[in-house]
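Below is one structure, written out as structure tokens; the observations come after it.
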């Protein structure tokens, strides 16, 4: 039996999503076609948009938009690159983009790509799992005093490697006080369905979520765009084409995945309190099991405000890859960090930003929970980890 504890990478497809997917297969028309089959597909797409919007707390009749994408990565790139390139830029370094220094690669690398356009990217420290408010205020003052302007501030809600929950609402508020026209973007992929929030409570102009993190299939994501952002034309498409999704994301919509996404969103909304309680109890059981290993040097990275769903462990003297292979042999699925960077030889930016040393990064594993996990999953992991710590040393030597 496989004990799957890598839910921050992807989740198993839930029953609600499976049923919605099977039904959507029969709706094969193109939503943009004007014939009867197309109209049926268009109606389903509209219902899905309304369902995901409701799960996010988007106010009906607000004029705010929900743009379907192929992934959370695409949603982030659309927000970051699309907002910067929505206006003619001077390219002289006077236009600033602010991001956290431990952002997901889809934000970090998108922002880095803008530096070639002549913008200035400032990375706000997140040591200990907290967006540094003093550094942020100092940065805002420096920008204003230099005659510059902040075009975009992009801060994630929950770090996908450390589980840190960032106070993005305060950060966005600070940015908006100085630069009210700045676009505030939040990568909420790891928070959706796990933390209570709305785009309004965070003060976000744009916000991204992903289907396969909430028990729907891969292939769908969504980007919330506020009516004010649309009105000011502060975002432009990065995929030009036929003009689907209100002109912000061209390409025929993946209606099958979107339908499953909508069903999973509704299930997450309806089961929020129960699911949250389940994950909290599993986290507590995991904490208790890890504490028994404290004498073996196993450490837990503890953010100032942690998400119950993600725990990052340090195993001194044991390389991450060595432990992951051992655990996999025991049918335990965990990871060393972001699945999006699994094939990169580069050290984790998120863990380095948290304050981990290179040695600690090289010995870190991530356990990520879902309400679908059981106490047996936790107990099997603790048992295997205990055995692995007792046997393994760096390089795979036995004690």
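Just checking, which of 122, 107 is assigned to a helix (DSSP H, G or I) and either more than 21 Å from residue 249 (Cβ to Cβ) or in contact with a helix residue (DSSP H, G or I) (Cβ under 6 Å, 6 or more places away or on another chain) (or both)?
On the way: 122 fails: assigned to a helix (DSSP H, G or I).
Answer to the selection: 107.
Is at least one residue of region 269-282 in a loop (DSSP other than H, G, I, E, B), outside the structural domain of residue 223 (by TED's automatic domain parsing) and closer than 27 Å to residue 388 by Cα?
no
Go through the residues of region 91-99 one by one and say whether even a single one is more than 30 Å from residue 332 (Cβ to Cβ), in contact (Cβ under 8 Å) with a residue 60 or more places away in the chain, crowded, with 17+ Cβ neighbours inside 10 Å and under 23 Å from the mean Cα position of the chain (by Cα).
Step one: filter region 91-99 for residues more than 30 Å from residue 332 (Cβ to Cβ), giving 91-99.
Pick out the ones that are also in contact (Cβ under 8 Å) with a residue 60 or more places away in the chain and you get 98.
With the extra rule that they be crowded, with 17+ Cβ neighbours inside 10 Å, the set shrinks to 98.
From what is left, the residues that are under 23 Å from the mean Cα position of the chain (by Cα) are 98.
The answer is yes, given that some residue of region 91-99 is more than 30 Å from residue 332 (Cβ to Cβ), in contact (Cβ under 8 Å) with a residue 60 or more places away in the chain, crowded, with 17+ Cβ neighbours inside 10 Å and under 23 Å from the mean Cα position of the chain (by Cα).
Examine region 226-246 for a residue that is surrounded by fewer than 23 Cβ atoms within 10 Å (Cβ to Cβ), touching a helix residue (DSSP H, G or I) at 6+ places or on another chain (Cβ under 7 Å) and in a helix (DSSP H, G or I), and state whether such a residue exists.
No, because not a single residue in region 226-246 is surrounded by fewer than 23 Cβ atoms within 10 Å (Cβ to Cβ), touching a helix residue (DSSP H, G or I) at 6+ places or on another chain (Cβ under 7 Å) and in a helix (DSSP H, G or I).
How many residues does region 125-135 hold that are closer than 18 Å to residue 159 by Cα and assigned to a helix (DSSP H, G or I)? Lay out the reasoning, then the answer.
The initial filter retains those residues of region 125-135 that are closer than 18 Å to residue 159 by Cα, namely 125-133.
After this cut, where a residue has to be assigned to a helix (DSSP H, G or I) as well, the list is 127-129, 133.
Residues meeting the conditions: 4.
Within region 222-254, track down each residue that is under 14 Å from residue 45 (Cα atoms) and within 22 Å of the chain's Cα centre (by Cα).
Correct list: 222, 245, 253, 254.
Tell me, yes or no, whether region 334-345 has at least one residue that is surrounded by 16 or more Cβ atoms within 10 Å (Cβ to Cβ) and modelled with pLDDT of 95 or more.
Yes, there is a match, as at least one residue in region 334-345 is surrounded by 16 or more Cβ atoms within 10 Å (Cβ to Cβ) and modelled with pLDDT of 95 or more.
In region 155-169, which residue that is within 12 Å of the chain's Cα centre (by Cα) and not in a loop (DSSP other than H, G, I, E, B) is farthest from residue 305 (Cα to Cα)?
The selected residue is 158.
Check off (1) free of Cβ contacts under 8 Å to residues at least 60 places away in the same chain; (2) closer than 19 Å to residue 67 by Cβ; (3) not in a loop (DSSP other than H, G, I, E, B) for residue 212 and give me the number that stays unchecked.
So residue 212 meets the others, but not (1).
Against the conditions (1) in contact with a helix residue (DSSP H, G or I) (Cβ under 8 Å, 6 or more places away or on another chain); (2) under 22 Å from residue 160 (Cβ atoms); (3) assigned to a helix (DSSP H, G or I), where does residue 78 fall short? Just the number, please.
It fails just one condition, (1).
With the requirement that a residue be crowded, with 20+ Cβ neighbours inside 10 Å and part of a strand (DSSP E or B), what does region 286-321 give you?
301, 306, 310, 311, 312, 313, 314, listed by residue number.
For (1) part of a loop (DSSP other than H, G, I, E, B); (2) buried (at least 18 other Cβ atoms within 10 Å of the Cβ); (3) at pLDDT 90 or above, each residue gets a yes or a no:
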residue: 323; (1), (2), (3): no, yes, yes
residue: 352; (1), (2), (3): no, no, yes
residue: 373; (1), (2), (3): yes, yes, yes
residue: 385; (1), (2), (3): no, yes, yes
residue: 389; (1), (2), (3): no, yes, yes
residue: 394; (1), (2), (3): yes, no, no
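The values are calculated or read from the model by the stated rules, or taken from the named source; none is laboratory data. Worth saying up front: this structure is predicted, and the values here are computed from it rather than measured. Please note: Cβ atoms are built from the backbone with ideal geometry, for glycine as well, and neighbour counts cover all protein chains shown.
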